[in-house]
Every structure is written in structure tokens, then in C-alpha cells.
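Here is the structure we will look at.
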């Protein structure tokens with residue numbers, strides 16, 4: 001996965017104007033996007049995926065493997081059924097993770113130079129936020145999946161809190 005923590009310090013000036021492909025989703029109550037390089041598949045959560053609680057987290061069946069499932073849908077105060085929810089499967093730190101989201105939008109190509117750096121105060125509250133960009137009239141927050149899933153990675157892979 002491409003992490004913004006590993007940005008190439010030797011990036012050429014011309015690369016700053018290259019386009020990156022972002023996968024847009026609606027999750028956590030807002031418009032989000034992440035680098036589509038880490039994307040495996042977009043699908044609807046079906047009974048065949050059989051999500052179950054394991055320890056402190058959720059897991060599901062995907063292509064014959066059990067993978068962690070993290071719910072990033074907007075909270076409405078009441079329990080939402082998982083079946084039929086939109087699902088993003090991505091590679092993070094050489095492992096597959098599934099993310100439940102409210103909606104999956106069309107991927108977009110964005111000029112690297114068009115990404116706006118967030119305020120430091122916002123980054124302190126949301127360390128996974130790496131920038132924002134305007135897309136189709138919406139303010140879309142660019143997230144680093146590796147940072148966002150850090151707690152889930154530690155819980156599911158290492159048994160830590």
C-alpha cells in the first residue's frame with residue numbers, strides 16, 4: 001500500500017503535477033478518499049461473507065480466508081444490519097482488510113498538486129487525514145488507510161489494545 005508517511009523525498013517537480021487515482025467513499029459521516037493503489041475489490045456484504053465477532057473485532061470470510069472487518073459507517077444511534085452494506089477490501093501492511101462504508105463513489109483522478117494540506121489542529125485530532133481536495137463540488141478528505149487502520153491492525157494482527 002502507498003502510505004503518505006513513505007513519500008519519496010526525491011520526488012521530481014514534474015511528479016507533483018502527476019495525477020493520482022483516488023477511490024471515493026462516504027464513511028464516518030463525510031466524503032473520504034484514499035489512494036486506489038491499495039484497493040482489492042468493492043462489493044456488497046453478503047451472507048456468504050459470514051461476518052462474526054472475534055475477540056474485540058469483527059472478521060469475515062473473503063476468498064477462502066478470514067480477514068478483519070472494520071465498520072466505518074456513519075453512526076445513527078441504532079444498530080444497522082450489515083448484510084447489503086457496501087464493502088471496500090484493501091491491502092494494508094501486506095494484509096487484506098474489509099471496511100464497511102455508507103456508500104462507494106466513482107474513483108477520480110486528482111492532480112497531486114491540487115491536494116490541500118490540512119490544519120495542524122485537525123491533523124492532531126485525525127492523524128489519518130493527509131489532505132483534502134475538491135471533487136464534483138464536494139470537499140473530499142484524503143485519508144491514509146495505514147494510519148486509519150493502525151488500531152485495527154494492532155488488535156487483529158498482534159492482539160494489542
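Could you check the simple spin-label distance between residue 79 and residue 50, using points 7 Å along Cα→Cβ, in nm with one decimal?
With each label point 7 Å from Cα toward Cβ, the separation is 2.0 nm.
Could you compute the FRET efficiency for residue 93 and residue 30, with r as their C-beta to C-beta distance and R0 at 30 Å, rounded to 0.05?
0.75
Report for the stretch 10-158 the percent antiparallel among DSSP-assigned beta bridges with both residues inside it, nearest 5.
Of all bridge pairs located within the stretch 10-158, approximately 90 percent are antiparallel.
Dividing the alpha-carbon Rg of the stretch 10-158 by 2.2 N^0.38 Å yields what?
So the stretch 10-158 has a normalised radius of gyration of 1.08.
The numbers here are math on the coordinates, done by the rules we state, and not lab data. Since we're looking at a predicted model, the values are computed, not measured. Because the Cβ atoms are built from the backbone with ideal geometry, glycine has one as well, and the counts that use them run over all protein chains shown.
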